[in-house]
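Each remark here refers to the structure printed beneath this line.
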Amino acid sequence: MMLIFGLMLLLQTAACLDQFCRFDQSDPCYTALGHKLNLLMVLDASEYDLRIHKRINNIIDDPVCRVKNGRMRECDLYNNRSEVTVINGTLIINPVIRADSGNYRLTLLNSDGTETSRDLQVIVEAPIGSVEVSIICSSSGVMRVFCSSEGDQLLYSWTLNGDPLMDGNSSIDLDEGTDGNIICSVKNHVSHAQKTIRLQPCPAGLDQFCRFDQSDPCYAALGHKLNLLMVLDASEYDLKIIKRINNTQHDPVCRVKNGRMRMSECDLYNNRSEVTVINALLIINRVIRSDSGNYRLRLDHSDGSETSRDLQVIVEAPIGSVEVSIICSSSGVMRVFCSSEGDQLLYSWTLNGDPPMDGNSSIDLDEGTDGNIICSVKNHVSHAQKTIRLQPCPAGEKQEDQKVRMRRFRERHEHTAEDS
């Protein structure tokens, strides 16, 4: 027995992903795709004639490998696979392939003619690849941290500043003011890996976060980042993003498999290095006008079924600087004008702290009005405002001067609108 444990330790030390299993174990044998499996059949194969039987249909035609005097003979189970050998009582597969998964029966033919058997389930898993972690700050005050890796049957866990967080999800939501070190650990039955990143409180910015399962449109800020969540775990599906232009097979498409864009099948974002996919998250680091449109996400399930989700993306130029000017008319009215750059502008006014009045880029006040007036401008992706101090209109200002000032303001306003 000490010899067996010594062999196991030696094998694990030599290559951390090489696996050691025994035919007399009750739990499944998990083995790493592309690595070595050492499968102990018996301590001394010279005492028995052995038969390894892969149970597919449980009939006499299932593949079999016979072992006699510690050597393979009559072996259609591992036919033409030079990487499979037997050394005394240990079956060695180097490297393991997907087809090695299955239910096996080892039959021992004793010298007295009696027969015993042992069953074992072998499960092949792809080991963990490199771990990637990304952070999204949403407009709702939530910092969402995403973790992704390649491999089979991934299990996630999180640690923040040394404290364990909830397990089991590839993303976690934190308060936007959170800082410190966060660790994403990923494991399966054959391997594990982790990555540590430094969190910083979310900066104020124009990055947008949308989901393909939302019912309202996704508004994205021109020139800024859009984070678009497709599904919670992309490893469960083959995904296809379609921009619906003519609703034909020629509409641009991008395929996502195992949480990665397949660049050879992505004419939707062809030659755009600023577009990436991390696990189930589509990231456009610099949104352009042509990103507006109607999209459909198709999810191909492992059972062959298909579902879809639709989303409208609307790109808006964010608010620029806000300008406010005042014109006093001969009719006793003070007219205050507000202007800014950006798309789909909505204006509101606040005078001396009173509730705002919405909807117009100008407001008429009595010429004796004084105090502080605020012009607020917003659209779906940004907002800005400017406060000025009002003074009562001076008496005796010439009407011609008023017309000149109004004309100059309108010319400047029209020029700004054309530029935006």
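The values are calculated or read from the model by the stated rules, or taken from the named source; none is laboratory data. Remember, it's a predicted structure, so these values are computed and weren't measured experimentally. Glycine gets a Cβ as well: all are built from the backbone with ideal geometry, and neighbour counts include every protein chain shown. All accessible areas refer to the heavy atoms of the entire protein, side chains included, with ligands and DNA or RNA removed. Shrake-Rupley method; radii C 1.70, N 1.55, O 1.52, S 1.80 Å.
A compact table of results
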item	result
Subset of region 215-242 (residues that are under 19 Å from T307 (Cα atoms) and open to solvent by less than 30 Å² (accessible area, probe 1.4 Å))	L228, L229, M230, V231, A234, L239, I241, I242
Near pairs, Cβ below 6 angstrom, 6+ apart or cross-chain, from region 69-98 (at positive phi) to any residue that is open to solvent by less than 60 Å² (accessible area, probe 1.4 Å) and aliphatic (A, V, I, L, M)	G70/A45; N88/A45
Filter result for the condition that a residue is in contact with a Lys or Arg (Cβ under 7 Å, 6 or more places away or on another chain) and at pLDDT below 85, over V142, V133, V124	V133
Hits in region 91-145 - residues which are touching a His at 6+ places or on another chain (Cβ under 8 Å), closer than 21 Å to P63 by Cβ and part of a strand (DSSP E or B)	Y104, R105, L106, T107, I123
Qualifying residue in region 396-407 (condition: in contact with a strand residue (DSSP E or B) (Cβ under 6 Å, 6 or more places away or on another chain) and either modelled with pLDDT of 60 or more or closer than 30 Å to G223 by Cβ (or both))	no
Subset tally (residues that are of a type in the set (A, V, I, L, M, F, W, C), open to solvent by 20 Å² or more (accessible area, probe 1.4 Å) and either in contact with a Gly (Cβ under 6 Å, 6 or more places away or on another chain) or within 30 Å of G223 (Cβ to Cβ) (or both)) for region 311-366	6
Enumeration of residues in region 108-151 that are among the basic types (K, R) and within 30 Å of L199 (Cβ to Cβ)	R144
Selected residue (only one of L77, L10 is buried (at least 17 other Cβ atoms within 10 Å of the Cβ) and modelled with pLDDT under 90)	L77
Qualifying positions in region 184-222 - in a strand (DSSP E or B), in contact with a Leu (Cβ under 8 Å, 6 or more places away or on another chain) and of a type in the set (A, V, I, L, M, F, W, C)	V186, L199, F209, C210, C218, A220, A221
Tabulated pairs, region 197-216, first within 19 Å of K378 (Cβ to Cβ) and at pLDDT below 80, second among the small types (G, A, S) and buried (at least 16 other Cβ atoms within 10 Å of the Cβ), C-beta under 7 angstrom, 6+ apart or interchain	L206/A221; L206/S382
Residues being more than 19 Å from I314 (Cα to Cα) and in a loop (DSSP other than H, G, I, E, B) - total across region 235-248	2
Number of positions in region 278-292 that are assigned to a strand (DSSP E or B) and touching a helix residue (DSSP H, G or I) at 6+ places or on another chain (Cβ under 7 Å)	1
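A quick yes/no check of all residues on (1) loosely packed, with under 12 Cβ neighbours inside 10 Å; (2) touching a residue at least 40 places away in the same chain (Cβ under 8 Å); (3) of a type in the set (D, E):
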site	(1), (2), (3)
D112	yes, no, yes
E132	no, yes, yes
I135	no, yes, no
V142	no, no, no
F146	no, yes, no
S157	no, no, no
E176	no, no, yes
I182	no, yes, no
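Let's see how each residue does on (1) among the hydroxyl-bearing types (S, T, Y); (2) in a strand (DSSP E or B); (3) open to solvent by 40 Å² or more (accessible area, probe 1.4 Å):
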| position | (1), (2), (3) |
| --- | --- |
| H250 | no, no, yes |
| V256 | no, yes, no |
| R262 | no, yes, yes |
| L268 | no, no, no |
| T276 | yes, yes, yes |
| Y295 | yes, yes, no |
| L299 | no, yes, no |
| R309 | no, yes, yes |
